[in-house]
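Rule-based calculations on the coordinates, nothing more; no lab input. Everything numeric in this text was worked out from a predicted model, so none of it was measured. For neighbour counting, all protein chains shown are included, and Cβ atoms are generated from backbone atoms with ideal geometry for every residue, glycine included.
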Amino acid sequence: MTKPKLVIVGNGMAPGRMLEFLFDNSPDTFDVTIFNAEPRVNYNRLMLSPVLSGEKCYDDIITHGNDWYAQHNVTLHKGAKVSMIDRAAKTVTSENGLTAAYDKLVVATGSNPFIIPLPGKELDGVLTYRDLEDVEKMLDAAQRGGRAVVIGGGLLGLEAAAGLKMQGMDVTLLHLMPTLMERQLDPAAGHLLAEEFKRRGIDVLLKANSHEILDDGTGRVGAVRLDDGTKITANIVVMAVGIRPATTLAQATGLEVNRGIVVGDDMRTSDPDIFALGECVEHRGTCYGLVAPLYDMAEVLADNLAGGHSAYTGSITATKLKVTGVDLYSAGDFAEGDDREEIVLRDAAAGVYKRLVLKEDRIVGAVLYGETADGPWFFDLLKKRADVSEMRDTLIFGQAYQGGAPLDPTAAVAALPDDAEICGCNGVCKGKITKTITEKGLTSLDGVRAHTKASASCGTCTGLVEQLMQLTLGDAYNPAAVQPMCGCTQLGHDDVRRLIKSKGLKTIPDVMQQLEWSSSGGCAKCRPALNYYLVSDWPDEYADDYQSRFINERAHANIQKDGTYSVVPRMWGGMTSSTELRAIADVVDKFEIPAVKVTGGQRIDMLGIRKEDLPAVWADLGKAGFVSGHAYAKGLRTVKTCVGTNWCRFGTQDSTGLGVRIEKFMWGSWTPAKVKMAVSGCPRNCAEATCKDVGVVCVDGGFEIHFAGAAGLDIKGTEVLGLVKTEDEALEHIVAVVQMYREQGHYLERIYKWARRIGYDEVRRQIVDDAGRRAAYFDRFVFSQKFAQVDPWSERVSGKDKHEFNPLAIVSAEAAE
Amino acid sequence: MNAENRNWVAVGALDDIPRQGARVVKTLAGCIAVFRTADDEVYALDDRCPHKGGPLSQGIVHGASVTCPLHNWVFDLATGLARGADEGSVAVTAAKVEGGQVLLAADDLARAARP
Ligand code: SRM
Ligand SMILES: Cc1cc2nc3c(=O)[nH]c(=O)nc-3n(C[C@H](O)[C@H](O)[C@H](O)COP(=O)(O)OP(=O)(O)OC[C@H]3O[C@@H](n4cnc5c(N)ncnc54)[C@H](O)[C@@H]3O)c2cc1C
Ligand code: SF4
Ligand code: FES
């Protein structure tokens, strides 16, 4: 028997959810075909902001990958925009000529960003914020730098502005109204928010009425002019001023359309075989712009398609701003009215603002800024229309203050009723989560996400879900799915790195304060890690914390088992000369250095030097032109080379020259763990390039670049990054991949472990396929080298850190008696 | 013996020791590591780790502890006892700061001098 055909127009979040309900409850009911104007699978649109800010990448936000469609026998036409619905023939046809017949049709076209009809709106560089293409265009612009003007001070505009700022652009945010998010916040709270954005270096202009967008002379955006004549230069303009339901197709089809496509409580349009779903819908006069109501609709529609009789009766919405470091929660309705009262709590010092709007002793709206933990509790009271007159006096202080002493956070969650909503995006209530944890024996957050969807969308309720797991599982719950950095914090390396960037933390005490370190001054594990992260993230602003470095990096030599030190000067690419060798011989004699050894890294080690002698040893070596070899550093160590075309009968390129060039370009840079490289002149590979952190194997046509090898504690051959033609390209690729590692690696994690963690393909995608990104990594490396490429030995010969090399005092026998 | 009538030896200014750092005082018998914490407390321990002789003065100072640079044993600066799972201790020399000068207890130094 052939199954009835279900066709869906649009592959957004709403139909994605609807199909999950359908497949879960009534599998094999339909043959499903989806047309998607976007050329891809289904992803979590909410998470575009973290992608924009760099906190996530596209792969992280895919909700249904190719295998999901295969598994459910769904035909997905990617990049196929439906241009016609033939209701008589019951077919749909796409712009690229695909036709499909339907028994039931779901229109889920979402909405379109509203474009203000300003002169200049069609210029190159005027962008909207709706889909992945928009984000890619913004990221692309961010790489070129300059200024972004974001028009619109609502949720989307704020997220766009914060993200572009984090990507390094100068940002001006224009908002027509006197305060930001005026529909949710009163002027005082709007002010707090504006101040926070200004603190992040974003220019916020209120009451700013855009007048026109000016051409830079080449058909691209050059500036924005306001009504009052102010001109703001702009490399891009992002319009985030609102959305309109996408109804063109439905209108052309002759369905009933108002502001959105009109549906009844059963989600049916004016044609009984055609349903509509999502942001394109108008239900009882309301169009929605948040996912939670759309998911309610999805559930109803899934049931009705499978023959049920569910009804959708409307939703109340709550939302959170997804800008890391800004806590803002708002739910319900804030319009003023004679029959409404307000309760407001302000704590300017702590940056906290809370506002409840009450009507007839019931909460109808809630805004929380700075501290949002009680959001779900207020939202629960609001949805249940609970009478709050009894607790009116203490209501604003939150749930913990109702009856007796303040409760600890898990107790507050414990006190929530089973039907309290925990995850607003997916409409998951507490009872469902605790029940699923017990029934399925779940022990990890990922497991809970997979089985309940709780915290799987925007992720802001993750904390609540974790508390529920704690509550349900007790000691069996081990949140250390992420390994904490050390005993001083719960946070893992990734979180710490992300928060340093997003909160703009610039000193070790600042990090420990803001991220709530549990020890007073850190430990020998976290301090060197934090010091590296700060050096890497703020090369021009952060002053290296010397006392947080391991002794080798403080003394710029390697400590030996007897407390003496070894000294290894650079020999660029392994090349040396009679003058250099003579200078080394002289130093060895003069300071009676007990051992001289050729290292495994093609240079010479002098071992057994007294600490007091180090500056004098370096002074002599410096006169011969030597600089530190950083044999002690979490930084660039050696670039081994072979003789290449200079001498070897098989050499295909100047491998020695390239090795020397790389070492001279990159020496001095700090990295999460040591970095060793090599360049071999032909595939015979005499420099052993295929077991290095980064290696090059020269071939006739160019340079094969390798990465992620290991030959120490682990042995692992490299992966091929790519093949390039010129030395310049080789250098750019190598520098870019190292910079990517510098920005993402965990302290003490070698390149091969980092690359395995994030995926070799991801590295290739960013470094090889994406020229813009590669150039940006390269530029950031070059910038940081301005501050890093100073020879530490000559600095110390000139007197820096003198105390390090001399005793504080020498106490004679008499004094001690 | 009570601390009040001890003999103290001045070994240098507090500011000569970096915060969260250490300097070495050489005596005839061996070296003493003098530590300064983030909140300007000073402590003095023999500069020899009981594990394999690592120079504790070269370790990272955190809180009132130091981590040995050779194999990461951690010692309490006040008691000289190893923390955590490791067992061992280093001799403590009493230390104090007066008028910006670091003073070490002479009799402890003398004891350090007697093997
Ligand atoms: C001197 C040298 C041995 C030699 O006599 O040849 C050496 C000496 C040390 N190596 Fe090495 N390694 C030396 C080449 C290597 C190589 C070979 C190479 O670089 O081509 C490797 C394997 C390649 C690699 O790194 O993967 C190597 C893998 C290690 C490892 C294991 C790293 C890993 O993650 O797998 C350690 C331990 C660590 O870093 O934690 C290590 C650690 C050390 C330390 C720093 C041990 C320590 O912490 O005190 C030794 C310091 C001796 C000193 O004071 O100079 N050494 N070490 C070599 C110096 C090279 C240079 O010119 O800078
Ligand atoms: C940056 C950003 C952040 C957001 N943050 C939040 C948040 O924090 N919380 C929240 O609740 N909501 C948030 N939203 C809103 C939320 O993403 C939307 O409410 C939701 O995605 C709407 O789902 P949908 O399925 O109706 O439409 P969409 O997800 O927009 O999907 C519609 C799809 O249909 C395709 N399409 C359109 N016309 C056709 C056609 N003719 N043929 C074929 N395909 C077509 C479109 O290309 C699109 O892929 C955010 C939105 C954005 C853009
Ligand atoms: S292999 Fe490296 S770490 Fe081991 S003893 Fe030799 S030099 Fe030291
Ligand atoms: S010598 Fe101090 S820990 Fe080994």
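Couple of notes before you dig in:
- Inter-centroid distance (Cα atoms) of the stretch A:655-730 relative to the stretch A:91-164, Å: 41 Å
- Loop-located trypsin sites (Lys or Arg not before Pro) in the stretch A:321-377 whose Cβ has at most 14 other Cβ within 10 Å (DSSP): none
- In the stretch A:249-388, the ratio of gyration radius to Kirkwood radius, Rg to Rh, stands at 1.08 when only Cα atoms are counted.
- Pairs of Cα atoms nearer than 8 Å and 6+ residues apart set the relative contact order; for chain A it is 7 percent.
- Each of A:174, A:294, A:369 was scored by the projection of its Cα onto the charge dipole of the protein assembly as shown, and the greatest displacement toward the positive side belongs to A:174; charges sit on the C-beta of Lys, Arg, Asp and Glu.
- Positive-end extreme of charge dipole, the stretch A:636-788 - chosen from A:763, A:703, A:722 (charges on Cβ): A:763
- Intensity falloff of the stretch A:1-131 expressed as log10 I(q)/I(0), Debye formula with alpha-carbon point scatterers, at q = 0.13, 0.21 Å⁻¹: -0.63, -1.29
- A helix-only calculation puts the protein assembly as shown at -8500 deg cm²/dmol for mean residue ellipticity at 222 nm, using -39500 (n - 2.57) for each DSSP H run of at least four residues, averaged over all residues.
- Folded to 0 to 90 degrees: helix A:655-666 orientation relative to chain A principal axis, Cα: 70 degrees
- Charge dipole (the stretch A:47-146, unit charges on Cβ, about Cα centre) - positive-most of A:92, A:129, A:108: A:92
- Look at the stretch B:66-75: the mean tally of other chain Cβ atoms within 10 Å of its residues' Cβ atoms is 3.
- When each of A:503/A:674; A:3/A:90; A:81/A:137; A:561/A:634 is checked by Cα-Cα distance, pairs over 18 Å: A:503/A:674; A:81/A:137; A:561/A:634
- Loop trypsin sites (Lys or Arg not before Pro), the stretch A:503-545, which have at most 16 other Cβ atoms in a 10 Å radius of their Cβ (DSSP): A:503, A:506
- Exercise: per-residue mean of other protein chain Cβ atoms within 10 Å, A:418-430: 0
- Three-way shape call for the stretch A:493-549 based on the alpha-carbon gyration tensor, with the a/c threshold at 1.5: oblate
- The stretch A:493-549, dipole about Cα centre (Lys/Arg Cβ +1, Asp/Glu Cβ -1), debye to the nearest 20: 140 debye
- In plain terms, if you count all Cα to Cα distances in the stretch A:636-788 and split them into 5 Å steps from zero, the share in each step is 2, 11, 21, 25, 22, 14, 6, 1, 0 percent.
- Cβ neighbours within 10 Å from other chains - mean over A:560-572: 2
- Computed from Cα atoms, the angle from the helix A:526-537 axis to the main principal axis of chain A rounds to 80 degrees.
- Considering only the stretch B:3-113, percent of DSSP beta bridges that pair antiparallel, nearest 5: 100 percent
- By the compact-protein rule of thumb, 2.2 N^0.38 Å, the alpha-carbon radius of gyration of the stretch B:3-113 corresponds to a ratio of 0.98.
- Pair-distance profile P(r), taking every C-alpha pair of the stretch A:557-652, with 10 angstrom steps and integer %: 15, 47, 27, 8, 2
- When Rg and the Kirkwood radius Rh are both evaluated on Cα atoms of the protein assembly as shown, their ratio Rg/Rh stands at 1.03.
- Axis of helix A:614-623 versus longest Cα principal axis of chain A: the two differ by about 80°, to the nearest ten degrees.
- What separates the Cα centres of the stretch A:252-321 and the stretch A:17-60 is a distance of 18 Å.
- Lys, Arg +1 and Asp, Glu -1 on Cβ, resulting dipole of the stretch A:689-817 about Cα centre, debye, nearest 20: 300 debye
- Basic side chains Lys and Arg get +1 at the Cβ, acidic Asp and Glu get -1 at the Cβ, and with that the dipole of the protein assembly as shown about its Cα centre reaches some 2220 debye.
- When A:566, A:812 are sorted by how many other C-beta atoms sit within 10 angstrom of their C-beta, beginning with the fewest, the order is A:812, A:566.
- Local electrostatic count at residue A:120 - Lys and Arg +1, Asp and Glu -1, tallied over other residues with Cβ under 13 Å: -1
- Of all DSSP bridge pairs formed entirely within the protein assembly as shown, close to 70 percent run antiparallel.
- Loop-resident sites, the stretch A:287-390, for GluC sites (Glu not before Pro), counting at most 14 other Cβ within 10 Å (DSSP): A:336, A:360
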